[in-house]
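The values are calculated or read from the model by the stated rules, or taken from the named source; none is laboratory data. Quick caveat, the model's predicted, so the values are computed rather than measured. Positions of Cβ are backbone-derived with ideal geometry, glycine not excepted, and every protein chain shown enters the neighbour counts.
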Amino acid sequence: MPVSSLHIATARFRTLLTNIATDRIVILSTHIVEDVAATSNDLAVLDIGKLLYRGSSTELTDQAQGSVWEARLPHGRATDPSTAAGS
């Protein structure tokens with residue numbers, strides 16, 4: 001699927017979620033923070049049924065400061081941990 005088609009599909013998905021959530025609770029399981037931030041005002045984070053957080057995505061992002069890391073690998077580098085040195 002071309003990248004432009006993915007952007008259109010993402011926008012449609014977010015619009016659908018936003019429309020559905022106006023009068024009901026929507027449960028979305030995702031690791032894509034941008035989808036959550038773009039579609040919800042109030043969110044909850046659960047871990048095996050235990051409520052870890054409830055509030056806005058902005059407040060959650062603020063609380064995560066200093067606890068989130070990003071690593072960029074050179075193009076073509078294996079990302080499979082089993083191929084790492086010493087494995």
Q: Any residue in region 1-25 that's over 14 Å from residue 40 (Cα atoms): show its pairings with residues that are modelled with pLDDT under 80 and surrounded by 12 or more Cβ atoms within 10 Å (Cβ to Cβ) at Cβ separation under 8 Å, as long as the two are six or more apart or on different chains.
A: 10/35
Q.
For region 53-79, which positions are more than 14 Å from the chain's Cα centre (by Cα) and surrounded by 10 or more Cβ atoms within 10 Å (Cβ to Cβ)?
A. 53, 54, 55, 59, 62, 63
